[in-house]
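K.L.:
Have a look at this one before I ask anything.
Readers should treat all values here as calculations from the given coordinates under stated rules, not as data from a laboratory. Here the structure is a predicted model, which means the values were calculated and not measured. FYI the Cβ positions are ideal-geometry reconstructions off the backbone, even for glycines, and counts take in every protein chain you see.
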Ligand code: F6P
């Protein structure tokens, strides 16, 4: 079935006119002054996540145009095709069914397969978590990309739910500086290695797995069956590596969408079977919202539409995520793969070049740390960058004073970005005593002026729990689907990683032999320098 690309619709042309008339010069402060109900009108409640969209550069009219765009791009039939398991990842001939991994039994395709592995995995998890019997105190997940970033993000986020007697470690990079400090201090008898790789061929993971196996044997470890487990679609390759305990998954689970599958084993080992199921249930609730909520109240679709509005009309090239919860410190890296590997594409479904921007750069740090680093640029730099704040109402610790300060900081930042400070306001303030006496007041005030009118979205969770985190991640997945669908690209392949892999395979033996025949002068020169 052929779907229209966003720029081929009437709604796109209408949005262009609307942008010139009302979008380019939209002023958030004026919008709030005009409409005292703006916060109420632009708040959206989805399962576990409330979104304040009111500090975005749009109004009801903009939203109507964007919703027209979504309809004309047939977002609902496309969403239904995703959820039904149509082979929408057509360049790899695969369905995209991560939603089936979190659906209750009987509610999605491949249910028996999914629940069979899930039940087996969670039974296994409880045997390992019985540390008195298993003796396992350390778990090392060896994987990269989607076989690393999900668990590496979720485990610290759900630290309050984690087994106190098991320490999780993550090794991903083929750089020996990654695995060396992890292995230092571990005992073979107390360590479980998870070799996580969808393909079980990825260079980095296989190399680190070999290092781990050699380390284990050098430590006198013999019971490989107990101390090594694999999570993969390539059960045969895992067996050839010598692993007998394997939890499988399927080619219709994309790497960056795989934390719900056996790739989530480190998560389940950390938080236990019930909490893992709660995470799946939270994601399923968001899936139901995505599948059934009317477009105007469908949060992933609204966020995807705002992403298109900013990327293609306002021309914003990046989005910053500001996480006011330290446990979410790895969320930016996770979102980078989710969004940039999914939507970093320059051809449409027909292979034609797309004449507009696709994936923005996604980046960020936990608040308040980011405030003392790059927020200067967000407030006074030359580029406007939409910021997404994530605030969590209740902490899982008891340091309420710290938490109140944290929330005040998050609120203050989105407020400051929007309100800014005029030069007159700056001049009316008392000048800092350290300012040069030769500096005249208007000049100093210019330095202390904030342009304001910088947009942000604030997502609010009641508490960071397995369920709310599951819902939050699913929200992001469906939002990325939405913008990718409108752009008319395949969000589910990743051919862009292949060229570097192939060239690396060519260069690897050359680093040993020194043969630079046929190489460009720069690569040849660098290779020679690295060998000498
Ligand atoms: O970076 C490319 C990629 O294929 C990702 O999409 C994937 O998550 C990662 O490599 C790891 O692949 P695997 O799980 O097969 O080792």
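K.L.:
Would you please give the FRET efficiency between residue 530 and residue 40, computed as 1/(1 + (r/R0)^6) with r the Cβ-Cβ distance and R0 = 41 Å, to the nearest 0.05?
P.N.:
Working: r = 61 Å, r/R0 = 1.48.
My answer for the efficiency is 0.10.
K.L.:
In degrees, nearest 10, range 0 to 90: what is the angle between the Cα axis of helix 75-84 and the longest Cα principal axis of the chain?
P.N.:
10
K.L.:
What's the exposure ranking of 147, 189, going from fewest to most Cβ atoms within 10 Å?
P.N.:
Numbers: 147 30, 189 16.
The fewest-first ordering by Cβ neighbours comes to 189, 147.
K.L.:
Rounded to whole Å, give me the distance from the Cα center of region 42-104 to that of region 160-233.
P.N.:
Measuring centre to centre over Cα atoms gives 37 Å.
K.L.:
What order, most packed first, do the peptides 33-45, 98-110 have when packing is the mean number of other Cβ atoms within 10 Å of each residue?
P.N.:
Numbers: 33-45: 13.2, 98-110: 18.6.
Result, highest mean first: 98-110, 33-45.
K.L.:
Please report how far the C-alpha centroid of region 242-296 lies from that of region 505-524, rounded to the nearest whole angstrom.
P.N.:
Between the Cα centre of region 242-296 and that of region 505-524, the gap is 42 Å.
K.L.:
Can you tell me, using C-alpha contacts under 8 Å and at least 6 residues apart, the relative contact order of the chain as a whole percent? Provide the component values of the computation, followed by the final result.
P.N.:
On the way: 879 pairs, mean separation 103.1, N = 532.
Result for the chain is 19 percent.
K.L.:
Can you sort 513, 197, 320 by how many other beta carbons sit within 10 Å, fewest first? Can you show the working numbers first?
P.N.:
Working: 513 9, 197 27, 320 22.
Starting with the residue having the fewest Cβ neighbours, the order is 513, 320, 197.
K.L.:
Would any residue of region 186-219 have its amide N under 17 Å from a label point 7 Å out along Cα→Cβ of residue 503? List them or say none.
P.N.:
none
K.L.:
I'd like the antiparallel share, as a percent to the nearest 5, of DSSP beta bridges with both residues in the chain. Show your work: numbers first, answer last.
P.N.:
Details: 11 of 47 bridges.
So the antiparallel bridges amount to about 25 percent of the total.
K.L.:
Over all alpha-carbon pairs of region 98-279, lay out the pair-distance distribution in 10 Å bins, whole %, shortest bin first.
P.N.:
10, 41, 38, 10, 1
K.L.:
For residue 297 and residue 177, FRET efficiency with R0 = 56 Å and r from the beta-carbon atoms, rounded to 0.05?
P.N.:
Values: r = 48 Å, r/R0 = 0.86.
Taking R0 as 56 Å, the efficiency between residue 177 and residue 297 is 0.70.
K.L.:
For a quick protection proxy, order the peptides 427-437, 501-511 by their average other-Cβ count within 10 Å, most packed first.
P.N.:
501-511, 427-437
K.L.:
Figure the gain on full extension for residue 428 and residue 361 (residue separation times 0.36 nm, minus the Cα-Cα span) and round it to one decimal in nm.
P.N.:
Numbers: separation 67, 0.36 × 67 = 24.12 nm, distance 3.77 nm.
Value of the extension gain: 20.3 nm.
K.L.:
So for region 98-279, averaging the separation of alpha carbon pairs under 8 Å that are six or more residues apart and normalising by length, what relative contact order in percent results?
P.N.:
Details: 306 pairs, mean separation 54.0, N = 182.
Relative contact order, region 98-279: 30 percent.
K.L.:
Also, quick follow-up: Taking the convex hull of the alpha carbon atoms in the chain, what volume per residue do you get, in Å³? Walk me through the numbers before you get to the answer.
P.N.:
On the way: hull volume 106.6 nm³, N = 532.
That works out to 200 Å³ per residue.
K.L.:
I'd like the orientation of helix 498-513 relative to the chain: the angle between its Cα long axis and the longest Cα principal axis, in ° from 0 to 90, rounded to 10.
P.N.:
Relative to the chain, helix 498-513 is tipped by roughly 50 degrees.
K.L.:
Using only DSSP helix segments of four residues or longer, with each worth -39500 (n - 2.57), what per-residue ellipticity at 222 nm results for the chain after dividing by its residue count and rounding to 500?
P.N.:
Values: 22 runs with 241 residues, N = 532.
Calculated at 222 nm, the ellipticity per residue is -13500 deg cm²/dmol.
K.L.:
With each pseudo-label sitting 7 Å past Cα toward Cβ, what's the residue 377-residue 408 distance in nm, one decimal?
P.N.:
2.9
K.L.:
Considering only C-alpha atoms, what is the centroid distance from region 312-345 to region 348-404, in Å?
P.N.:
Cα centres, region 312-345 to region 348-404: 7 Å.
K.L.:
Hey, could you grab the Kirkwood Rh for region 152-228? Inverse mean 1/r over distinct alpha carbon pairs, Å, one decimal.
P.N.:
Details: mean 1/r = 0.0735 Å⁻¹.
13.6 Å is the Kirkwood radius here.
K.L.:
How do the peptides 519-525, 246-252 rank, highest first, by the average count of neighbouring beta carbon atoms within 10 Å per residue? Provide the component values of the computation, followed by the final result.
P.N.:
Numbers: 519-525: 11.7, 246-252: 19.7.
The peptides rank, most packed first, as 246-252, 519-525.
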